[in-house]
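Only one structure is covered here, and it is reproduced in the block below.
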Number of protein chains: 4
Amino acid sequence: MQVMIDICIVPLGVGVSVSDYVAACQRVLQDAGLKHQMHAYGTNVEGDWDQVMAAVKRCHEVVHAMGAPRITTSMRMGTRTDREQSMDDKVRSVEDKLSPV
Amino acid sequence: MQVMIDICIVPLGVGVSVSDYVAACQRVLQDAGLKHQMHAYGTNVEGDWDQVMAAVKRCHEVVHAMGAPRITTSMRMGTRTDREQSMDDKVRSVEDKLSPV
Amino acid sequence: MQVMIDICIVPLGVGVSVSDYVAACQRVLQDAGLKHQMHAYGTNVEGDWDQVMAAVKRCHEVVHAMGAPRITTSMRMGTRTDREQSMDDKVRSVEDKLSPV
Amino acid sequence: MQVMIDICIVPLGVGVSVSDYVAACQRVLQDAGLKHQMHAYGTNVEGDWDQVMAAVKRCHEVVHAMGAPRITTSMRMGTRTDREQSMDDKVRSVEDKLSPV
């Protein structure tokens, strides 16, 4: 089963600057070989369910290992059986409807 | 690693009434032997990370098998290394501060 | 327009214990006269859209005033035009399907 | 109070294709003059709290008017009092830490 997620990992107990932790998670996704795209309030990831979820778990482990005693993550997860749809497809299907003729 | 999640599974393409699908997911959590508590806009689940995430995957599989071609789930996931804290502990720690002397 | 939300307000830069801030938000909802129900990973609130959103804004203001320099909130918001449905109705519609005959 | 949000609006009861509704919401944000950036699983918006939340309400109104009887939205909302930070700043602060020397 393929899944597309949008994930925002928030470490608590480490002050207000969280960019070191977000950067570490980007490296986890990179090392996992998963297609991902960061935006200003989270990161899109797509791939096989088990591989994506293993990377999410690894992010929590890495952020704890960096010193964060508590983490709260918010995540959206999308699956579909009717057809395949990539991250690029999703954006394009909306942009096509916004484009001037 | 223990995790506490709050999950809201939304099937698309099956009309506006989603209670059959939510009920099926409650049964998945029950069968998995995981502590869980439904509320009006999601369900709290706590347990071992791998067992909880396996149940989440099973929910997606079951809801697709019931006929939903597309699912979008929103989920919060909390982990902590400083101490154990159950669902009941979390609610009680707030209620203690709200109680009149 | 009526709305039902599920909200989880997370203050950053104030350590790992957030129960004081959650308790303050419960008081905001209470003072606003809005129907609300806390669970282990958030709070359900229902009411008129403008009144609910004014209370959400007030929660952010109060948590900042208590000393949190940064807040990240995750929220679900449900509206429907086909019929009215309360928090209690939503839970009951699922529980009815889980009940043994 | 400035706010940065990430919003994903999901219409129910209109089938599996939601791109028309997402496109309509992009127009609402455009018409509101708010800075926004769509990604594959939501849209970032930044601006004054009241203006942003007015646009979110308008999105729900427009999507209902297009025929969706039910909407469930998931949203992150970030505020901070320590400093100003734009959507571009947030992405850059992480990318700086990922860049090779």
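Taking the stated definitions as given, is B:Gln2 more than 9 Å from chain C (Cβ to nearest Cβ) and surrounded by fewer than 17 Cβ atoms within 10 Å (Cβ to Cβ)? Judged against the criteria, B:Gln2 is a match.
Restricting to the range B:61-82, count the residues that are touching a Pro at 6+ places or on another chain (Cβ under 6 Å) and assigned to a helix (DSSP H, G or I). Residues meeting the conditions: 1.
Selection of the range D:1-54 for residues being in contact (Cβ under 8 Å) with a residue 12 or more places away in the chain, in a loop (DSSP other than H, G, I, E, B) and under 21 Å from D:Gly67 (Cα atoms) yields D:Gly13, D:Val14. The criterion of being farther than 23 Å from A:Met77 by Cβ and assigned to a helix (DSSP H, G or I) does not hold for D:Gln85. Among residues of the range D:83-97 that are more than 18 Å from D:His36 (Cβ to Cβ), those with a beta-carbon under 7 Å from a residue that is assigned to a helix (DSSP H, G or I) at least six positions away or on a different chain give the pairs D:Ser93/A:Ser19; D:Val94/A:Ser19; D:Val94/A:Val22; D:Val94/A:Ala23; D:Val94/A:Gln26; D:Lys97/A:Ser19; D:Lys97/A:Asp20; D:Lys97/A:Ala23. Given the criteria over 24 Å from B:Gln51 (Cβ atoms) and outside any strand (DSSP E or B), does A:Arg58 qualify? For A:Arg58, the condition - over 24 Å from B:Gln51 (Cβ atoms) and outside any strand (DSSP E or B) - is not met. Which ones in the range C:81-93 are closer than 19 Å to D:Gly13 by Cβ and surrounded by fewer than 21 Cβ atoms within 10 Å (Cβ to Cβ)? Within the range C:81-93, C:Thr81, C:Asp82, C:Arg83, C:Glu84, C:Gln85, C:Asp89, C:Ser93 qualify.
A single member of B:Gly47, B:Gly78, B:Gly13, B:Gly67 is of a type in the set (Gly, Ala, Ser) and exposed (fewer than 14 other Cβ atoms within 10 Å of the Cβ), and it is B:Gly67.
Can you name the residue in the range A:56-79 that is in contact (Cβ under 8 Å) with a residue 60 or more places away in the chain and within 13 Å of chain D (Cβ to nearest Cβ) and, of all such residues, is nearest to C:Val14 (Cα to Cα)? Per the criteria, the residue is A:Thr72. Picking from residues in the range D:30-44 that are away from chain A (no Cβ under 11 Å) and farther than 23 Å from C:Asp48 by Cβ, the one that is surrounded by the most Cβ atoms within 10 Å (Cβ to Cβ) is D:Leu34.
Values in this text are rule-based calculations from the coordinates and carry no lab data. Computed from a prediction, not measured in an experiment: that's the story for all the values here. Counting neighbours? That spans all protein chains shown, and the Cβs are built from the backbone with ideal geometry, glycine included.
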